[in-house]
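Taking it in order: structure first as structure tokens, then the write-up.
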Amino acid sequence: MTGPLERERLPRQERPLQRRLLEREAARLAPGASEESALGRRVFTEGRGAVLTDLDGHQYIDLAAGTLTQSLGHCHPEVVAALTDQAARLWNVHDFATADRAALCDLLAELLPEQLDTYAFFSTGAEVVEAALRVVQAVAEPGRNRTGALRYGFHGKTQGARMLVHWDIGNQALAGNSILGYSPYCYRCPLELSYPSCGVRCATLVRRHIAEKPNVSALVFEPVLGAAGVIVPPPGYWEQIADSCREHGVLLVADEVLTGGGRTGAFLASERFGIEPDLVALSKGMASGFPFAVLAGRAPVLRHPDAARAGSTASTYAGNPLGIAAARATLEVVRRDALIEQVDVLGGVLAEGLADLYARYDVLGEVRGIGLLYGLEFVRDRASREPAPDIAREVYRAALDLGLRTALGGNVIRLAPPFTIGRALLEEGIALLGRALERVTEGER
Ligand SMILES: Cc1ncc(COP(=O)(O)O)c(C=O)c1O
């Protein structure tokens with residue numbers, strides 16, 4: 001192997017320092033970590049670009065980009081400089097203006113579609129989704145007291161975000177006041193139809209909901225469903241639904257916490273599907289992993305007197321100076337270095353590499369994606385399509401052992417490389433994934 005993964009100190013399987021640290025910590029740390037970190041059992045000490053280093057000195061190509069946050073890779077020098085400078089000057093003055101805030105607003109106005117000209121700042125994905133829900137409730141016409149959402153959608157772990165998708169995390173059934181429409185999950189079509197002969201019936205049914213239920217104020221949606229395993233809608237899906245929302249005065253609220261910032265090859269995934277949202281929630285791609293979120297909206301919505309009451313966009317960390325500095329530096333680099341064009345180029349490399357893996361491994365039921373966001377759905381075999389989370393877990397672990405970090409959720413492995421990863425390193429990462437698949441499917445150890 002060439003490149004940055006050369007500098008190994010110990011055989012990869014040996015991780016004495018990490019084992020000891022994790023054992024010590026386990027005595028006091030509450031369980032409930034993500035499947036990824038619980039299975040991965042790694043202690044990372046450093047990230048540079050697309051490469052992570054663990055406590056025992058092993059290196060990994062990070063095709064999960066942090067938590068799909070590191071569009072510029074880890075510790076981009078300009079973001080580090082902006083944060084360091086800000087950290088030496090000012091950390092928190094509630095939501096008072098800072099020198100960078102106006103500049104960040106100007107930058108967002110350049111990067112976002114023209115109609116999204118008004119912004120509020122928050123600190124996490126769930127927080128910005130909650131803020132969007134408050135705006136929707138504030139501006140809704142009398143009687144419009146329900147929200148639309150999509151099955152399999154994920155909007156965060158706060159109560160409102162979970163109620164949107166009726167998410168029962170095992171300890172509490174949260175049947176919300178929302179109406180759930182069909183997601184465009186063609187691989188496991190709930191209507192047992194096939195595209196294109198289906199005529200995108202899932203969208204027709206969502207449209208019917210919107211037309212027939214006069215009490216719906218907004219549709220909250222992920223243009224591409226991320227946590228559900230990167231579900232990319234077929235042509236026609238969003239066109240039908242967005243038209244219907246417009247026709248019936250239903251606000252379009254795009255949750256682009258995961259997709260926003262260029263990940264799909266446009267600043268917003270909505271742009272790729274011709275959706276013109278009224279509100280957009282952004283977070284992961286905004287500030288290089290620093291907790292930060294943006295609510296972008298049309299002026300008439302965000303400046304509506306009932307949505308703009310004193311304090312409605314303020315909280316302890318909302319718009320904190322460090323987040324603003326990190327976001328400004330991140331987005332400056334995205335714009336200056338034309339990184340969204342780079343997403344398209346590297347997305348082609350990723351698509352090609354994954355198509356090759358799909359051709360070789362029957363446990364890959366479907367490989368789907370857009371830009372630099374891909375999901376690999378694992379099945380027992382292609383004929384049965386039986387979900388195989390055990391195989392996904394094994395591949396995830398084998399990849400880590402080989403020096404590749406991916407994102408795991410159920411029977412799907414997601415890939416979301418930094419936009420700045422070089423072609424060679426991306427190809428090396430795909431090759432490592434191929435070796436992990438080979439190990440698992442051939443039982444090699
Ligand atoms: C689409 C979407 N919305 C909201 C969230 C919640 O973000 P956070 O974990 O920052 O609260 C996520 C997190 O993955 C997400 O993918």
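The numbers here are math on the coordinates, done by the rules we state, and not lab data. Just so it is clear, the structure is predicted and the values come from calculations on it, not from any experiment. Cβ atoms come from the backbone with ideal geometry, glycine included; neighbour counts cover every protein chain shown.
Placing +1 at every Lys and Arg Cβ and -1 at every Asp and Glu Cβ, with all other atoms neutral, what dipole size does the chain have around its Cα centre, in debye to the nearest 20? Don't jump to the answer; show the numbers that get you there.
Values: 47 positive and 54 negative charges, 191 e Å.
That gives a dipole near 920 debye.
In whole percent, what relative contact order does the chain give with Cα contacts below 8 Å and a gap of six or more residues?
Relative contact order, the chain: 21 percent.
Counting Lys +1, Arg +1, Asp -1, Glu -1, what net charge surrounds residue 395 among other residues with beta carbon under 11 Å of its beta carbon?
Numbers: positive: 393, 397, 435, 439; negative: 390, 394, 401, 438.
Neighbour charge sum, excluding residue 395 itself: 0.
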* Asked: Quick one: if the Förster radius is 25 Å, what FRET efficiency do residue 158 and residue 341 give, using the C-beta to C-beta distance and rounding to 0.05?
  -> 0.10
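Given the peptides 376-384, 419-427, arrange them by the average over their residues of other C-beta atoms within 10 Å, most packed first. Write out the running numbers ahead of the final one.
Values: 376-384: 17.1, 419-427: 18.9.
For the peptides 376-384, 419-427, the packing ranking is 419-427, 376-384.
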* **Dmax and Rg, reported as Rg then Dmax, of the stretch 77-336 (C-alpha, Å)** => 18.3, 60
* Asked: Starting at 0 and stepping by 10 Å, how many percent of the alpha carbon pairs of the stretch 179-256 end up in each bin?
  -> 19, 54, 26, 1
* Positive-end residue of 221, 277, 190, charge dipole of the stretch 77-336 with Cβ unit charges -> 190
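For residue 279, what charge total do you get from the other residues with a beta carbon under 13 Å from its beta carbon, if Lys and Arg give +1 and Asp and Glu give -1? Write down the numbers at each step before the final one.
On the way: positive: 134, 298, 303; negative: 117, 130, 255, 256, 276, 278.
Once all neighbours under 13 Å are counted, the net charge is -3.
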* Asked: Given the rule -39500 (n - 2.57) for each run of at least 4 DSSP H residues, summed and divided by the residues of the chain, what is its mean residue ellipticity at 222 nm, to the nearest 500 deg cm²/dmol?
  -> -11500 deg cm²/dmol
* **Relative packing of 229-240, 271-282, which averages over residues the other C-beta atoms within 10 Å, highest first** => 271-282, 229-240
* Counting only Cα, what are the radius of gyration and maximum Cα-Cα distance Dmax of the chain, in Å? -> 21.8, 66
* In nm, to one decimal, how far is the residue 110 label point from the residue 246 one, both placed 7 Å along Cα→Cβ? -> 2.9 nm
* Structure fact -> Listed by chain and number, the residues whose amide H is under 5 Å from that of residue 365, excluding neighbours fewer than 5 places away on the same chain and using placed H, are 377, 378, 379
* 13 Å beta-carbon shell around residue 336, net charge (K/R +1, D/E -1) -> -3
* To do: Return the Rg/Rh value of the stretch 74-181, two decimal places, where both radii are evaluated on C-alpha atoms and Rh is the Kirkwood radius.
  => 1.07
* Which percent, nearest 5, of DSSP beta bridges in the stretch 77-336 are antiparallel? -> 40 percent
